[in-house]
Amino acid sequence: MEGTRSFKFVLKSIVFLTVFGFTSGNNLRYYEYMINPLGNLQRKLEAQRAIQPFLSSKPFLEWTSQLSKQSLLKRANQVDLRILNDTAPVTDSNPINTFLQNFFGQLTNTSQNNTSSSGVGDAFQNLLNGVLGSLSAGGDQAKASNGSQNGSPAGSFGNFLQNITKNTNGIGNLITSMLGASGGKGGATSGMNLGNILQLLSGGNVDPSTIGNILMSFLNGAVQGTNASTACQGDFIKVIKGLQNMEAWALKFLDASAKIPTDLLNLNLNWYGSYDECYSDSTFLESFGILHNTQTPVKGQYCNTNLNLPLPPEVKGILMVALQNSGFIKAGICFPKSCSTDDLLQIVNAFLYSIPLGDNKVTAWPITCPVPAEEDTLETDTIVVVIILAIFLVIILEGTLYDVVNTIRSKRNKENEKPTENGEVAENGKPIENGNSFPENSYKLRAENGNVQHIEPEKKHVQKPGIVGRLVLCFSAYTNGKKILGTSQPKGSLTAVNGIRFLSMSWVILGHTLAFVLGSTSNMLQYYNKFVNRAASEAIVNALFSVDTFFVLSGLLTSYLLLKQMKKSKGWINWGLFYFHRYWRLTPVYMIVIGMYVTIYPHLIFGPNKGKPDEVCRESWWKNLLYIDNFFGLCLGWSWYLNNDMQFYILSPLLIIPFFFNQIVGIIVSVCFLLAATITPGVLSYVKNLPAHTIGGGPKDADRAAYFEDYYIVPYCRMGPYICGVITGYILYKTKCKCRMNIFVNLLGWAVATAMACGCLYGLHNTIRPDNPVYLSKEVTALYNGVSRTAWGAAVCWVIFACSTGNGGFINTLLSWKAFVPLSRLTYCAYLVHPLVMYVYYYNWNFPLYMTDLDFVYLFLGNLMVSYGIAFIVSIAFESPFMGLEKIMFGGLGKKKK
């Protein structure tokens, strides 16, 4: 019973480790790091509570009892370690000789006594005799057999022990032969020897150095018993020999590999090992002369492996429901460089199969080895993208230089025309003395009716640049930078929109900062549990509503500006340019970012978290070009917003044109669209049993896996805020942004809008908190999913309407701050690049971060600043130039129409 309880404790620990195991960024998908992380944490906490009853159930106790009976540790228990120690000859100076002689002798006698009827003892005796004969010093099998049978310590058996302790290959062959009966070349071993070694270690009656040497010998034999390549086996054996000889380079392999860390009770599961140490040429202890190398070092490589545990079907079922996988633990290990991933799978599994768990085995799969920086090579498509970027850089430099030269020339011309104090004009900066001009002066003075009249000279003609010059000037970083950083705006602009746009983008970055970093922290669940239980955290956990704010702004500005343009042109609109402008505004910089993400981004990350390139983007980038990838699998996962926004823009004339010609018809059409956009997500939520949030809420058995693809990214579930924006844009157009309200009506509007926004943000707190969540019915969840986003959009629309009509007070003053104007212009590029900024930073960590609130604040501010800094560069280099090119291509159409 004591053994069963011990095994139960170990297995319970393994189950918890599996439940809370973390995942790395091998397959970079936005929804795996933004939508799923918080939901996974929530599911892990729920899985912990779900597994607890099972660990005390009758099926689990029967399963552990069966494992205990089948475990080969039971066989090792039959060896009395005290007898081994008591009978050790004092004249033998080599403890390994003594141990092996007594150990094999007792194990053979025990096998003969316990299995006399089955002949297992005889079989084992014959196997041992054969091994001893094949490895005896003299090569005489008969002598070795006789010596071993007689049990003479001083005979051939003793000589054999002395020989194999001096010959590592001999020990390896011995272990391999003993494993061959059950594993052979397949690498699957019976586990007898490892069980014995573990038993000896747990007993503490044998010298640890002796056990260590035996363990190294076991590893040697396990390596030789696989089908790994000769080079890989040879390097593994060299590492084992180096460990036995305390070689510094070999100890580095062991030290750089992951081990069970501290803070395990708080589920610290990011066992990275040491990536840098694995690839380092030397360590500080070597430089200090404490450790030395006498052998040629084996070059190492850092690899990640998933340890899949032999959990019973009941536990796997719980994990599959809670986590959508059967559970695994991830660890980083330093392996010889000569080994391929197939070689490592065989060798690692050969060792794992030997763990004494009866018929149950621990397996390692997959094993991935990130490419180190010194071996990183550029693919052809990466070189092509780099060349394209270099061409852009050259054009930008030429355009900037051309622009600066023209600016300097223009300033000199203005200085040449600068008037003097007497109102006279100087040429070349020289004043006219005593009112008399020099002969070369082109200015003339004449008296007329007692007045002095200045005759202005003909101004020098400033030659405007031609079409090539104008094209080059589109890429001027000087001019584009001035435009972006300028704070002036056209008359009639909705100034509060600038502040809302920047603050919403900051909110997006805030939410992503938390979601993306949790997988790289050592106290992931501890911090998450503490964070989410705060009511104030809902403003960050519910940052998903920030995207609905962008939908509101997009619909409002499209409606407001289009209606003003239709009024000027009496209803005539060039619809080709209407759609082309939007496509040209978004697509070039969008495609450039995707190109850099697919080709350059993988070469910016080196460390334990380096993943494989995104093959989805490489193969289906053209779907992003058409803005349809939210229906067919996302590339650049956060682009789902761009797809929805473009799809809404395509449909916007159906909403806006009726308002221009007939207000009643426009209202009817908009209400129909709004009802459809509200009812559809509610019905889908009920039919598909969706949760109320990405991290949970709603029914207890909600299908969280379907939330993202079936609800979050599809346009028919997200159009409500956009329609609210269109309606508000029409109201502002109709009222010309002038609407006087009674103070009580104004306050009532603000109170209702605030209540709606707070209800959307904080209404789910008790349903998604980790501790004792309150589950909602399918009906209530469907109502929330159908109404919440439209309600949030209506609240934002009130803020814009109140601020634009002079009813915003200090809120309008804040949102209309001029500093928000340039930041607002950078929002689009900031949205495109900010996840990549976080990925590059987080995935280059070689060790996990211990997360605190202070770290969260610093990470957010850093992500915000760097994202906008890179957005400024991207906007100058790509976004602004293409907007300038559009003016050159279609600028004449506007003048002609005028």
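The values are calculated or read from the model by the stated rules, or taken from the named source; none is laboratory data. Note that the structure is a prediction, hence the values are computed from the model and not measured. Counting neighbours? That spans all protein chains shown, and the Cβs are built from the backbone with ideal geometry, glycine included. Remember, those area values only see protein heavy atoms, side chains included, never the ligands or the DNA or RNA. Shrake-Rupley method; radii C 1.70, N 1.55, O 1.52, S 1.80 Å.
Along segment 648-661, what does the Karplus equation 6.51 cos²θ - 1.76 cosθ + 1.60 (θ = phi - 60°) give for ³J(HN,Hα), rounded to whole Hz, x for Gly and Pro?
Ordered by residue, 3J(HN,Hα) equals 5, 4, 4, 7, 4, x, 5, 8, 8, 4, x, 5, 5, 8 Hz.
Are there any GluC sites (Glu not before Pro) in segment 372-401 that are in a DSSP loop and have at most 10 other Cβ atoms within 10 Å? List them by number.
Loop-located and lightly packed - none at all.
Within 13 Å, Cβ to Cβ, of Asp381, how many net charges do the neighbouring residues add up to if Lys/Arg are +1 and Asp/Glu are -1?
Within the 13 Å Cβ shell, the charges total -3.
Can you give me the accessible area per residue for segment 687-752, using a 1.4 Å probe, in Å²? List each step's numbers first, then the result.
Details: 2940 Å² over 66 residues.
Dividing the accessible area of segment 687-752 by its residue count gives 45 Å².
Leaving out ligands, DNA and RNA, and with a 1.4 Å probe, what % of the accessible surface on segment 754-843 is carbon or sulfur?
70
Can you check what the net charge comes to around Arg585, using other residues whose Cβ is under 13 Å from the Cβ of Arg585 (Lys, Arg +1; Asp, Glu -1)? Spell out each step's value before the answer.
Numbers: positive: Arg582, Arg825, Lys887; negative: Asp645, Glu879, Glu886.
So the environment of Arg585 carries a net charge of 0.
Expressed as a whole number of Å, what is the distance separating the alpha-carbon centroids of segment 268-311 and segment 765-826?
One Cα centre to the other: 50 Å.
Where does each of Arg789, Arg409 land when they are ordered by accessible area, with a 1.4 Å probe and the largest first? Intermediate results must be reported in sequence, preceding the final value.
Working: Arg789 15, Arg409 140 Å².
Order by accessible area, largest first: Arg409, Arg789.
What's the local net charge at Tyr478, with K and R +1, D and E -1, over the other residues with C-beta under 13 Å away? Numbers along the way, then the final one.
Numbers: positive: Lys482, Lys483; negative: Glu398, Asp403.
Net of charged neighbours comes to 0.
What is the calculated FRET efficiency for Phe632 to Lys612, with r their C-beta to C-beta distance and R₀ = 25 Å, to the nearest 0.05? Can you show the working numbers first?
Numbers: r = 21 Å, r/R0 = 0.84.
Rounded to the nearest 0.05, the efficiency is 0.75.
Could you report segment 608-680's accessible area per residue, 1.4 Å probe, as an integer in Å²?
Counting only protein heavy atoms, the per-residue value for segment 608-680 is 44 Å².
Roughly speaking, to the nearest percent, how much of segment 533-691's 1.4 Å accessible area is carbon and sulfur?
Accessible surface attributable to carbon and sulfur in segment 533-691 totals 72 percent.
What FRET efficiency comes out for the pair Asn533/Thr363, r = Cβ-Cβ distance, R0 = 45 Å, nearest 0.05?
On the way: r = 37 Å, r/R0 = 0.82.
Efficiency, rounded to the nearest 0.05: 0.75.
What FRET efficiency do you get for Leu654 and Lys464 if R0 is 51 Å and r is their Cβ-Cβ distance, rounded to the nearest 0.05?
Details: r = 43 Å, r/R0 = 0.83.
Working from the Cβ atoms, E equals 0.75.
Once label points are set 7 Å from the Cα along Cα→Cβ at both Thr341 and Val857, what is their separation, rounded to one decimal in nm?
4.3
Report in % the part of the accessible area of segment 482-530 that belongs to carbon and sulfur, leaving out ligands and nucleic acids; probe 1.4 Å.
Numbers: 1050 of 1760 Å².
Carbon-and-sulfur percentage of accessible area, whole number: 60.
Which value, in Å to one decimal place, does the Kirkwood hydrodynamic radius take for segment 664-770 when every pair of different Cα atoms is included?
It is 16.4 Å.
Could you tell me how far the Cα centroid of segment 671-729 sits from the Cα centroid of segment 594-658, in Å?
Answer, in whole Å: 21.
Kirkwood Rh, Cα Rg: Rg to Rh for segment 758-897?
Taking Rg over the Kirkwood Rh, I get 1.09.
If N is the number of residues in segment 209-250, what value comes out of its Cα radius of gyration divided by 2.2 N^0.38 Å?
Details: Rg = 10.4 Å, N = 42, 2.2 N^0.38 = 9.1 Å.
Against the empirical 2.2 N^0.38 Å value, I get 1.14 for segment 209-250.
Which chymotrypsin sites (Phe, Trp or Tyr not before Pro) in segment 558-653 pass both tests, a DSSP loop state and at most 16 other beta-carbon atoms within 10 Å?
Trp572, Phe631, Phe632
Within segment 598-634, whose backbone N sits under 17 Å from a point 7 Å along Cα→Cβ of Met889?
625-627
Taking every pair of alpha-carbon atoms in segment 582-740, what share in percent sits in each 5 Å bin, from 0 to the bin with the longest distance?
Once binned at 5 Å, the Cα pair distances of segment 582-740 give 1, 8, 14, 14, 14, 14, 13, 10, 6, 3, 2, 1, 0.
Taking 0.36 nm per residue of separation and subtracting the Cα-Cα distance, what length does fully extending Lys688 through Leu285 add?
Contour length minus the Cα-Cα distance gives 139.1 nm.
Chymotrypsin sites (Phe, Trp or Tyr not before Pro) within segment 324-371: which are DSSP loop residues with at most 13 other Cβ atoms inside 10 Å?
Hits after loop and neighbour filter: nothing returned.
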